[in-house]
Amino acid sequence: MKPVAWTALLLGWLLAAGIASAQDNGIARIDALPAATAADVASLRAAPATPSTDSHRLPRADGWWRVQPAPGSGERLLLVYHPYSARVTVLAPPDYVPTVRSVFDRDLDRRFSRRALAFPLAAAPPAADAPVFVHVEGARYPLQVAVRDTAGHIAADLDHLRLISIVLGALGGISLVVLVFWLLLRERIYLLYSVTMALQMLYLLCAYGEAYALPGIRVLARFGVHGIWVIATLCTVAASFFLLHLAELRRNAPRLSKALVWTGGYASLALLVPLLLPWPADKDWFPAAGNLVLLAANVFALSALFVAWRGGERRAGYALLAWVPLVSLSTARVLQLGAGAPLTPWVEYGLPLVLAAASILLVLVLADRMLAVRRERDHAKRDADRDALTGIWNRQGIERRLSSLLGTAHGMPDGLAVLFIDLDHFKQINDGHGHAVGDACLRAFARAVNAALPYAAEPGRVGGEEFLLLLPGRGEADAGHAAELLRATIERDCAVVDGLPVGMTASIGVASFRPGDTVQALITRADTAMYAAKRAGRNRVVAAG
C-alpha cells in the first residue's frame with residue numbers, strides 16, 4: 001500500500017480515537033452567553049444562555065460561557081487545554097474576581113505545566129458548585145475544558161513533563177552530536193539535519209508552552225502566536241531541504257523535487273515576509289495559507305520519497321518510514337484541535353515520540369550515508385594506488401606500502417625483504433608480437449606471483465616491465481628461496497602466453513632490511529642486485545651484498 005494510503009488510514013483512526021475518547025471531565029454543562037454580555041457578574045448571571053451539546057469544550061473560538069462544575073469538593077482546577085493564541089478570563093466563586101491568563105504570561109503558577117491554563121476553584125460548597133464564567137478572545141478553534149482534582153492534575157503534569165523531557169533531551173542531544181559532525185566534516189547534510197531537529201524541538205517547546213517558562217528562550221513570548229507560526233514555517237523549510245539532500249531527490253525524482261523546493265522552500269519563505277512586516281496588521285490569513293503550503297510540501301515530499309524509493313534509493317525508503325507517521329500524527333493533531341476534540345495520549349504524545357524515533361532513524365540513515373561515502377573514498381583510494389593493467393600496486397601504492405612496513409620492520413622476527421624484478425628481453429616481446437601480447441605477459445607475471453607466493457607477498461609495478469615484491473617477515477635466506485621459486489614459476493608458466501611462445505623469464509635482485517634503511521635505500525640495493533643478475537646472464541636471482 002502506498003504511503004499516502006497509510007497516512008489516510010492512520011489519520012482517520014487517530015481522529016476517530018480522539019473524538020471517541022470524550023469522557024467525564026468534571027463539568028455538568030456549558031452554556032453559551034451572548035457575545036455582547038458585559039463582564040460584570042450581575043450581567044453574566046442575568047444573560048440568556050444557550051445550552052451546549054457537550055461539556056468538554058467551548059464550542060466557539062471566542063465569547064462568554066457559563067460553566068457549571070459537576071458536584072464535588074476539595075481543591076479543584078478549571079483547566080483550559082492547549083490555549084495557544086487565546087487569552088482566557090475566568091470569574092470564579094466566591095468573589096468572582098476576574099483572572100486573566102495566556103500561555104505567554106511569565107508569572108503562571110509554576111506548579112503546573114503550560115499545556116493547560118489552570119484556574120483554582122473554591123474548595124467548599126456552596127461555592128464549589130456555583131457556576132464559573134469564562135471569556136475567551138483570540139482563540140482560533142474551540143478550546144477543551146475540564147474540572148480536575150488539583151493533586152491528580154499535578155501528578156498527570158509530572159508524567160507529561162517527564163515524557164516531554166525525554167523526547168526533548170533526545171532531540172537536543174542528537175542535534176548537537178550531528179552539529180559537531182558538520183563542524184568537523186563540513187557536509188551540508190549534517191547542518192540541515194541539526195537545524196531541522198533543533199527547530200522541531202523548539203516548535204514542541206512552543207506548542208506545549210514550556211518555551212515561555214525557560215530562561216533564554218522565553219523571550220519568544222513577546223512575539224505571541226506569530227512566533228509559533230514563524231518557527232513552524234522554518235521547520236517546513238529546513239525539513240524540505242534536508243529530505244532533498246538525504247534521498248538525493250533532485251536526481252531520483254526531479255519534477256517532484258522542484259515542486260517540493262517551490263512549496264516547502266520558496267512559498268514558505270514568501271509567507272514569512274508579510275508575517276514579519278508590520279503591514280498588513282491583520283495576520284489572521286496566515287494559518288490557513290501556512291497549513292495549505294505545509295500540506296502541499298508534505299504531499300510533494302512523500303511522493304518524491306516514494307518515487308525515489310521505488311527507483312532503488314534505499315535511504316528514501318527509510319525517510320518514508322520516519323516521515324509518514326510524523327506527518328500523520330501532526331495532521332491528526334491539527335484536525336482534532338480544530339474540531340475541539342480531546343487529544344488522546346496516542347495523539348498528544350505520539351507526535352513527540354514519533355519525532356524522537358524519526359530523529360534516531362534518520363541519524364542511522366546519515367550513518368549509512370557516511371559509510372557509503374567512506375566506502376566510495378576507500379575504493380577511489382584503492383583504485384588510485386592500483387595498476388590498471390595488472391591489478392597489483394602501482395609505483396605510488398607499493399612505495400607507500402613499503403614505507404608503512406618499514407615503520408614496523410623492527411618488530412618483525414625476520415625483518416623485511418624486497419625483490420626487484422625485471423622481465424628479460426621484454427622489448428623484443430613487444431616488438432615481435434605486439435603490445436597486446438606484451439600486456440598479456442604483464443598480467444601473466446601477476447598470476448605467476450600469486451601462484452608461487454600466494455601468502456604474505458605484495459607485488460607492485462614500478463615501471464614498464466619492472467616490479468617490486470615485498471616479503472614482510474622474511475629474512476635474507478628465506479627471501480632468496482622465495483625469489484628462486486618465483487623465477488622458476490615465471491620460466492615455466494610464462495613460456496607460452498596467449499598461445500604464443502614468448503619464453504618470458506625474469507632477473508631478480510633481493511635486498512633485506514637493515515636498521516636505518518629508507519624506502520629508496522632498500523629499493524636501490526634491490527635494483528643494484530637485479531642489474532647484477534642481468535649482467536650475469538639474466539633469468540637468475542642475485543642477493544644484495
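General remarks:
- Loop-located chymotrypsin sites (Phe, Trp or Tyr not before Pro) in the range 251-294, at most 14 other Cβ atoms within 10 Å (DSSP): 285
- For the chain, the per residue solvent-accessible surface stands at 47 Å², with DNA, RNA and ligands left out and a 1.4 Å probe.
- Shape category assigned to the range 124-187 from the gyration tensor of Cα positions, a/c cut at 1.5: oblate
- Using a probe of 1.4 Å on the protein chains alone, the accessible area found for residue 190 is around 10 Å².
- For the range 190-202, 3J(HN,Hα) per residue [Karplus equation, 6.51 cos²θ - 1.76 cosθ + 1.60, θ = phi - 60°, Hz, x = Gly/Pro]: 6, 5, 4, 5, 4, 5, 4, 6, 5, 5, 4, 5, 5
- Phi angles of the range 289-306 translate, via the Karplus equation with coefficients 6.51, -1.76, 1.60 and θ = phi - 60°, into HN-Hα couplings of 5, x, 5, 5, 5, 4, 4, 4, 4, 5, 4, 5, 5, 5, 5, 5, 5, 5 Hz per residue; Gly and Pro are given as x.
- For residue 313, the solvent-accessible surface with a 1.4 Å probe is about 20 Å², rounded to the nearest 10.
- Cα shape, the range 190-289, gyration tensor, a/c 1.5 rule: oblate
- Close amide H pairs (under 5 Å, H built 1.01 Å from N) link residue 57 with 145, residues at least 5 positions away or on another chain.
- Note on residue 38/residue 185: beta-carbon distance plugged into 1/(1 + (r/R0)^6) with R0 of 56 Å gives a FRET efficiency of 0.30.
- The heavy atoms of residue 400 present about 110 square angstrom of accessible area, all protein chains included, probe 1.4 Å.
- With a 1.4 Å probe rolled over the protein heavy atoms of all chains, the accessible area of 191, 321 falls in the order 321, 191, largest first.
- Note on the range 228-334: the C-alpha convex hull projects to 6.3 nm² when averaged across all orientations.
- Nonlocal amide H pairs with residue 76, under 5 Å, H built at 1.01 Å: 121, 150
- Ranking 245, 425, 481 by solvent-accessible area of protein heavy atoms (1.4 Å probe, all protein chains present), from largest to smallest, gives 481, 425, 245.
- Ordering 368, 159 by accessible surface, largest first, gives 159, 368; the 1.4 Å probe counts only protein heavy atoms, with every chain in place.
- Peptides 271-279, 168-176, 28-36 ordered by average Cβ neighbours within 10 Å, highest first: 168-176, 28-36, 271-279
- Cα-centre dipole for the chain with unit charges at Cβ (Lys and Arg positive, Asp and Glu negative), debye to 20: 560
- For the chain, convex hull of alpha carbons as volume per residue, Å³: 213
The values are calculated or read from the model by the stated rules, or taken from the named source; none is laboratory data. Keep in mind that this is a model prediction, so the values were computed, not measured. Ideal geometry is used to build each Cβ from the backbone, glycine not excepted, and the neighbour counts take in all protein chains shown. Ligands, DNA and RNA are stripped out before the accessible areas are found, and what is left, the full protein with its side chains, is counted by its heavy atoms. Shrake-Rupley method; radii C 1.70, N 1.55, O 1.52, S 1.80 Å.
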